[in-house]
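Step one of this worksheet: look at the structure below.
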Amino acid sequence: MDIKLITQLVPLFFLGAMTFFGITFFYFINSINAYYKKHAKLIKGKIIAFKEESKTYRSNRRTTRTTTICPVIEYYQDGQRKLFLGTNQSFLKNRIGKSVDVYIIDGKDDYVLQKENVYKIFSLASLAFILAPILIISTMDVDLIYKVVIPFFGILLLLPPAIGIRKKMIKNLKESGDNRSLIQVIQESFLKNKSIIDIKDFETSDEYIKSAAKFNKKVSNTHFYGIVLTTIFGCGLYYLIKHVYHTKLHSRDKVLFTNFLNDFNNYHPIIDELGKNDNVTVFCILIAFSIIITYGFIINLSGWIKSR
């Protein structure tokens, strides 16, 4: 086997490992919603507050700060009032007093899940770890037999850490006297809600945004920052597009866009130039970005006006 072939096969090995990781992650994350959908009953809950949390991460001498705003959801089970922290969905689409769907399981107080949860987003994101390496593998210039066989050996990369984690978890279970199987422990760690809120703590704590007026101010400020950012980016894109149009595009290229503006059905000549004519391609990419920025500006402006 020559060096060139080896250098082509090594990426297949790592791409296979990435695919197996994506499949495993997708299975566990997707199983959360699947379990609740199958075993739980759906009731109505209500958002009564929001909790803002900021966390700081340090890595390679760099500090990253993230902020999440999660809804506090109130629901009743067997006549008892209960609270839990919902997942970090876009708080801009929520409000205090909004009714939400909640999954609960009778007899298990800490088995509760907001129907619209972040795990659905994670499930879709994990598909990228499956589809992306498969797409790359399919386009590689090697024999089909290598594309099929070599990626399966990628699981060997995942075995050592998986075995190490398994041994450590079994050891911890024995030391704590827990007689459950490892599968049961893993399943419970995924399914059990770790964000149950004590009602007394909630009533006395000032860590929560409980006022609709205060929350609307938070939403208004967020949309205002969105307006400022999209305006800045929009202005930059405007001058960049103007520069490309006047200095980079040839007269025949400008005619393509003029004809399109006169009749939107004349888009085929522009599409034919994409990938062939660098100036037309760049100009179209800039136009696409400008449409996205404009849409973001409209969304933020609309949200800012509504939250006033």
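The values are calculated or read from the model by the stated rules, or taken from the named source; none is laboratory data. What you are looking at is a predicted structure, and each value in this text was computed from that prediction instead of being measured. Cβ coordinates were reconstructed from backbone atoms using ideal geometry, including for glycine residues, and neighbour counts include every protein chain displayed. Remember, those area values only see protein heavy atoms, side chains included, never the ligands or the DNA or RNA. Shrake-Rupley method; radii C 1.70, N 1.55, O 1.52, S 1.80 Å.
Some values worked out for this structure:
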quantity	calculated
Identity of the residue in the range 157-182, modelled with pLDDT of 75 or more and open to solvent by 90 Å² or more (accessible area, probe 1.4 Å), that ends up farthest from Leu15 (Cα to Cα)	Lys174
Where Asp253 falls short, out of the listed (1) among the acidic types (Asp, Glu); (2) farther than 30 Å from Lys115 by Cβ; (3) touching a residue at least 40 places away in the same chain (Cβ under 8 Å)	(3)
Breaking point among (1) among the hydrophobic types (A, V, I, L, M, F, W, C); (2) surrounded by fewer than 13 Cβ atoms within 10 Å (Cβ to Cβ); (3) over 27 Å from Phe84 (Cβ atoms), for Ala213	(3)
Those residues of the range 244-297 which are closer than 17 Å to Phe233 by Cβ and either open to solvent by 90 Å² or more (accessible area, probe 1.4 Å) or not hydrophobic (A, V, I, L, M, F, W, C) (or both), in sequence order	Phe289, Ser290, Ile291, Ile292, Thr294, Tyr295, Gly296
Among (1) open to solvent by 100 Å² or more (accessible area, probe 1.4 Å); (2) closer than 26 Å to Ile32 by Cα - the single one Phe190 does not satisfy	(1)
Cβ-Cβ under 9 Å pairs, at least 6 apart or on other chains, the range 103-117 side over 18 Å from Lys44 (Cβ atoms), far side part of a loop (DSSP other than H, G, I, E, B)	Lys108/Lys192; Asp110/Lys192; Asp110/Asn193; Asp110/Lys194
Qualifying residue in the range 183-205 (condition: more than 23 Å from the chain's Cα centre (by Cα), modelled with pLDDT of 75 or more, on the phi < 0 side of the Ramachandran plot and among the hydroxyl-bearing types (Ser, Thr, Tyr))	yes
Single unsatisfied condition, Ser220 versus (1) open to solvent by 80 Å² or more (accessible area, probe 1.4 Å); (2) of a type outside the set (A, V, I, L, M, F, W, C); (3) closer than 30 Å to Glu74 by Cβ	(1)
Within the range 60-146, strands (runs of 3 or more DSSP E) holding 1 or more residues that are open to solvent by 60 Å² or more (accessible area, probe 1.4 Å) and of a type in the set (Phe, Trp, Tyr)	62-77
